[in-house]
Amino acid sequence: MAIDATARVAEGARIGEGVEIGPYCLVGPQVELESGARLIGHVNVTGVTTIGEHSVIYPFCSLGTPPQSVHYRGGPTQLVIGARCELREGVTMNTGTEDGGGITRVGERCLFMVGSHVGHDCHVGNDVTFANNAVIGGHVSVGDHTFLGGHVAIHQYVRIGEGVMMAGMSAARDDIIPFGFALGQTGALVGLNIVGLRRRGATRAQMHQLRRAYRSLFFVEGRLSDRVEALARDFADDPLVGKVIAFIRAGGKRPLMRPRLKRGAEDEGGGDAD
């Protein structure tokens with residue numbers, strides 16, 4: 001066991017044989033580092049966290065921090081990382097939530113490249129690779145031998161089967177069958193963020209007005225500029241619709257995101273205002 005003089009290892013931490021803890025690392029009192037684990041330097045390991053045998057953690061990783069969930073109630077949930085994993089610079093992994101099973105689990109022989117993230121209550125299999133900045137939301141399961149390319153993003157609760165590959169810059173909000181290959185950005189408007197509106201105190205009447213404006217903007221024939229001007233007339237006194245109009249009029253360097261072509265797509269996401 002070798003612990004650098006600048007590292008801080010809290011009383012109660014369990015440190016196995018042959019563990020190396022490099023400069024300026026922080027190890028919390030409920031952490032277990034199994035034999036041969038290596039913290040290269042500037043690593044933060046906290047919470048109820050276990051790092052498996054011979055895993056290597058590179059600088060600026062932060063492991064075992066509380067879940068990024070409004071439903072977490074402060075309980076002693078866990079993060080378990082298996083043996084012989086390699087976590088490159090800036091990787092983050094959170095513990096689980098009480099309602100999600102209480103544990104975030106990563107298998108053995110996994111490679112997490114720079115800036116990748118494992119959210120709360122995720123289960124990642126063995127021999128999995130996350131390329132740079134690949135991120136998965138809470139409650140995601142990832143099968144063995146899966147490869148997620150750079151900047152891949154996975155929506156919460158998605159299941160990814162064994163042996164899947166996702167090309168870089170792709171996103172998934174649906175389950176992927178084992179051995180599938182996924183490619184492409186899925187970003188498209190599918191409705192209003194009703195949950196967010198409710199959290200901000202919007203009334204039912206305001207949400208109905210905004211939904212009317214949304215449908216008039218995207219599901220009426222004619223030029224977009226003409227539809228924007230019609231909205232400005234029809235909803236002149238509505239502050240929420242006014243923000244939408246101002247955003248569109250301000251413009252930007254990228255095209256305006258629109259719904260998918262099929263009618264009714266506005267009702268697929270975000271919930272119902274009723």
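A few remarks follow.
- Checked against (1) open to solvent by 90 Å² or more (accessible area, probe 1.4 Å); (2) closer than 27 Å to residue 117 by Cα; (3) not acidic (Asp, Glu), residue 152 passes all but a single condition, namely (1).
- Residue that is nearest to residue 208 (Cα to Cα) [pool: residues in segment 232-261 that are out of contact with any helix residue (DSSP H, G or I) (no Cβ under 7 Å at 6 or more places or on another chain) and hydrophobic (A, V, I, L, M, F, W, C)]: 236
- The C-beta contact set for segment 236-256 (first residue over 18 Å from residue 223 (Cβ atoms) and of a type in the set (Ser, Thr, Tyr), second residue open to solvent by less than 100 Å² (accessible area, probe 1.4 Å) and not in a helix (DSSP H, G or I), distance under 8 angstrom, 6+ apart or interchain) is empty.
- Across segment 155-178, the qualifying residues are those that are surrounded by 21 or more Cβ atoms within 10 Å (Cβ to Cβ) and touching a Gly at 6+ places or on another chain (Cβ under 7 Å), and the one among them that is farthest from residue 92 (Cα to Cα) is 164.
- Tabulated pairs, segment 157-174, first touching a residue at least 12 places away in the same chain (Cβ under 8 Å) and in a loop (DSSP other than H, G, I, E, B), second among the charged types (D, E, K, R) and open to solvent by 30 Å² or more (accessible area, probe 1.4 Å), C-beta under 7 angstrom, 6+ apart or interchain: 158/173; 158/174; 158/175; 162/144
- Among residues that are over 17 Å from the mean Cα position of the chain (by Cα) and either at positive phi or in contact (Cβ under 8 Å) with a residue 40 or more places away in the chain (or both), residue 145 is included.
- Residues being farther than 13 Å from residue 61 by Cα and hydroxyl-bearing (Ser, Thr, Tyr) - total across segment 108-138: 1
- Residue 11 open to solvent by 50 Å² or more (accessible area, probe 1.4 Å) and within 17 Å of residue 87 (Cβ to Cβ): no
The values are calculated or read from the model by the stated rules, or taken from the named source; none is laboratory data. It should be emphasised that the depicted structure is a prediction, and the values quoted were computed from it without experimental measurement. For neighbour counting, all protein chains shown are included, and Cβ atoms are generated from backbone atoms with ideal geometry for every residue, glycine included. Only protein heavy atoms, including side chains, enter the accessible area calculation; ligands, DNA and RNA are left aside. Shrake-Rupley method; radii C 1.70, N 1.55, O 1.52, S 1.80 Å.
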